[in-house]
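Asks: Handing you this structure, nothing more for now.
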Amino acid sequence: MSITVRPAVEADYDDVARLTRAAYLHGGHLTEADAYLERLGDVAHRAQHATVWVAELDGKVAGAVALTLA
C-alpha cells in the first residue's frame, strides 16, 4: 500500500467531486435534493480560488482537501 499526497490536476477533478459529494451525503450534511451538491462538484472553480490536494492510494484518488487562504 502506497499513499501519495500531491496537488490536484484537472484529470483528478471528477474523482474529487465524487468524493466530496459522497462525504457530505454520507455525513448527513446534505441530501440528494440539495442544490449545493452541484457547487461541491465544481472542483475547477474551487481550484481557481484555493489549493486543492489529493491523496492517492495505490495510484487512485482516495481523498482530497482544499486549502483556502485569506
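Asks: Roughly to the nearest percent, how much of the accessible area of the chain is carbon and sulfur, given a 1.4 Å probe?
Replies: Here carbon and sulfur together make up 55 percent of the probe-accessible area.
Asks: Below 8 Å between Cα atoms, with a sequence gap of 6+, how large is the relative contact order for the chain in percent?
Replies: 44 percent
Asks: Nearest 0.05, what FRET efficiency do Asp14 and Leu69 give at R0 = 30 Å with Cβ-Cβ as r?
Replies: On the way: r = 25 Å, r/R0 = 0.84.
That pair, Asp14 with Leu69, gives E of 0.75.
Asks: Determine the calculated [θ] at 222 nm for the chain from helices alone, applying -39500 (n - 2.57) to every DSSP H run no shorter than 4 residues and normalising by the residue count; nearest 500 deg cm²/dmol.
Replies: -10500 deg cm²/dmol
Asks: If you roll a 1.4 Å probe over the heavy atoms of the protein chains, what accessible area per residue do you get for the chain, in Å²?
Replies: Per-residue accessible area for the chain comes out at 71 Å².
Asks: Once both labels are modelled 7 Å past Cα along the beta-carbon direction, what's the Ala62-His49 spacing in nm?
Replies: 3.1 nm
The values are calculated or read from the model by the stated rules, or taken from the named source; none is laboratory data. Bear in mind the structure is a predicted one, so any value in this text is a computation, not a measurement. Reconstructed Cβ throughout: ideal geometry from the backbone, glycine too, with neighbour counts over all protein chains shown. Accessible surface is based on the protein model in full, side chains and every heavy atom, while ligands, DNA and RNA are left aside. Shrake-Rupley method; radii C 1.70, N 1.55, O 1.52, S 1.80 Å.
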